[in-house]
Amino acid sequence: MTLNRLMLLSLLRFWRTNLGVLLGVALASTVVTGALLVGDSMRHTLQHTADQRLGEVSHAVIGGDRFFTAELAQRLDPRASALVALNGVLSTPDAKARVNEVAVYGIDDQFAGLLGGPNRPAPGEAVLNAPLAERLGVHQGDTLILRVPEPSALPIDAALVNASEPSLALRISVVGMVDANHGGRFSLRAEQRTPMNLFVDQAWLAEQLGVPHRANTILLASDPGPIPVTLEDLQLESSPNPVGIVDQFTPRVFLDAPIERDLSDLPGPRILTYMVNTIALSENQSPYAMVSAVNQLGDLSLGDNEIAINQWLAEDLGAQVGDTLSLTYYLPDEGDRLIEATAKLTVARIVPIEGVYADRKLTPNFPGLDEAESLRGWDAGPAIDRSRIRDKDEAYWDDYRVTPKAFINLKTGQRLWSNRFGTLTAIRFDQPLVEADLLQRIDPEPLGFAARDVKAQAQAAATGTVDFGQLFLSLSGFIIIAAIVLAAMLFAMSAEQRARQLGTLLALGLTQRQATTLLLGEGFIVALLGSLLGILGAVAYAIFVTQALAGVWSGAVAGSAVLLHMTPMSLSAGPLATMLISLFAMMLSVRSLTRRHARELLAGGIGKVSGPARLPRWLWLCAGLLCVALAVLIAMTNTQTGMRAALIGFASGAACLAGCLMLL
């Protein structure tokens, strides 16, 4: 009889115990391979979501609150799409249904080519993605109310901005819905949460916002390289004034710090104009005056703590040269908290309201200021107490509008009013500068004019720092260990029951090597069949987990559906790893059994053979204490956050459990 035939007969003879071993290995293979398949599914889902979000878009220029010319997109690439992107609130006319966090996109004709849809709606019409339409319960032909914030020269939380200003309300008609495969899931944010997207006509939305022919986002299918901006894109404007000087200013009120830095070597006056709430001399007060901080203005020369006032203000306060004035103003960086500060300055000069001292263009166009017909009519929110405004203040407004009433040194002004928006409101040049010369000096990248590699960011977010296969293996670690130990114990019990058979075979001339080959061969066949059977269980396991993540466990993945995906690597690595681990456990049991003499096995080796050789008790105690100490050390020194902290916590718990079992 050959060894192979003997191996086959032994498998059939001891089929009950072999079946138990096979099921234990199959369970371990199911959990190991299933965890790897779930990891594959998570990675595939993240990558699929990233592809749905971006379509063919690889780079994007994101302006945020900076609106540049829409034609910039075509200067970059004829396929580029210029968008108006902002957040809004969408509701039904009766306000019974409302969604607060809506991503509003004004799209052009090129958008559908990059994302696969939707097509550009007509003015006043809108296309909703499926989740948003479902949330509102609307259908094609329904009317909705869209509320979006109007663009402001300064952020809404800045001082001198009416933070309570209502948003722009637009009535739109629903003309269609779009699914995730046709641009419905578009988002430049690397997140898995399903966005609530609304698509309208880009030109129409820009017109409604008061920024016609402008956009704040550009989508591109490739890296465009340096951005060819114009002064209009940078929101820089040039304007000659009555005193023969050219102003370089911005409707954003404060010049951006990078622009100030890039133009710092050009000669000319630098200006910072700000509104003070009160200029006071003892009990005499003059409310709401513009004060300009300048480094050059006519023949004016002021020290760091000196101030020049015009004739009107001097008469209003009864001030003379040498008097000390108190200037009270809102701290620019404190925003809508409206915190006041006071500076004391000495009057160094009284100037007439004529020439350079009567220049209204020293004052930037603060939000709402240009549209105001009177000082009381300036809608600056709570920053202005209209009850303090006197008739003489209105008369000054009628005669001189926003002409500054006082002037200080530029260094003093920047010490008082520098803020995160900038430290200058205008730069003046003695003669016009060619736009190309200015653009050659200005680096647009710090201003946001750089193409972000959004595709790479999306892929990095999809890959992440967490291996989901390892994560699910860690979560299933105790089940895997229990299944392997169960299989090893059943195999050891089977070997013990066959001690007399093994002793007989050894007595008949079978060598120890042949006996080991016989038992391990049987174990290999059982482990192989169990590992292969586990593949079927792994597929069922992966299907169950992915469906659960799309259903009862949907909160764990922010409501996103998890797509089942299986790779050959996981389908082969899981069973192979399980089989090798099982064979190693079986080898430990066979090794202790085949080392015994045939006479000992025939005389009653049953009950004496119990798997691997027992280690000394003191060694188990030391190993157990070491594992417990390691668990405590890991737990106490864990400074990670998020998923890494969870994985380290599982490792600490596993070490503690293993140590406690060794001590028992």
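The values are calculated or read from the model by the stated rules, or taken from the named source; none is laboratory data. Just so it is clear, the model here is predicted, and its values are computed rather than measured. Glycine gets a Cβ as well: all are built from the backbone with ideal geometry, and neighbour counts include every protein chain shown. For accessibility, only protein heavy atoms count, side chains too; no ligands or nucleic acids. Shrake-Rupley method; radii C 1.70, N 1.55, O 1.52, S 1.80 Å.
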Residues being buried (at least 20 other Cβ atoms within 10 Å of the Cβ) and either part of a loop (DSSP other than H, G, I, E, B) or out of contact with any strand residue (DSSP E or B) (no Cβ under 9 Å at 6 or more places or on another chain) (or both) - total across segment 255-264: 3
Can you find a residue that is over 30 Å from D316 (Cα atoms), in contact with a His (Cβ under 8 Å, 6 or more places away or on another chain) and open to solvent by 10 Å² or more (accessible area, probe 1.4 Å) anywhere in segment 265-272? no
R43: among the basic types (K, R) and more than 22 Å from the chain's Cα centre (by Cα), yes or no? no
What helices (runs of 4 or more DSSP H) completely inside segment 570-664 contain at least 2 residues that are under 53 Å from the mean Cα position of the chain (by Cα) and either at pLDDT below 80 or farther than 30 Å from L528 by Cβ (or both)? 617-636, 642-663
Evaluate segment 304-322: report whether one residue or more is closer than 29 Å to I427 by Cβ, open to solvent by 10 Å² or more (accessible area, probe 1.4 Å) and modelled with pLDDT under 95. yes
If we keep just the residues of segment 278-298 that are under 30 Å from F429 (Cα atoms) and not hydrophobic (A, V, I, L, M, F, W, C), which is most open to solvent (accessible area, probe 1.4 Å)? Q296
So for segment 327-345 (the condition being out of contact with any strand residue (DSSP E or B) (no Cβ under 6 Å at 6 or more places or on another chain), of a type outside the set (S, T, Y) and over 25 Å from R420 (Cα atoms)), does at least one residue qualify? no
So for segment 337-348 (the condition being surrounded by 15 or more Cβ atoms within 10 Å (Cβ to Cβ) and not hydrophobic (A, V, I, L, M, F, W, C)), does at least one residue qualify? no
Name the residue, out of L170, L160, that is over 22 Å from F68 (Cα atoms), buried (at least 19 other Cβ atoms within 10 Å of the Cβ) and at pLDDT 95 or above. L170
Tell me the residue from V347, V402 that is at pLDDT 95 or above and either touching a Lys or Arg at 6+ places or on another chain (Cβ under 6 Å) or among the β-branched types (V, I, T) (or both), please. V347
Options L518, L532, L475, L471; residue that is surrounded by fewer than 20 Cβ atoms within 10 Å (Cβ to Cβ) and at pLDDT 75 or above: L532
When residues of segment 222-254 are filtered for being open to solvent by less than 10 Å² (accessible area, probe 1.4 Å), modelled with pLDDT of 90 or more and of a type outside the set (D, E, K, R), how many remain? 1
Answer with yes or no whether P382 is under 22 Å from L327 (Cα atoms) and at pLDDT below 90. yes
Note: among F449, F524, just one is of a type in the set (F, W, Y), modelled with pLDDT of 85 or more and outside any helix (DSSP H, G or I), namely F449
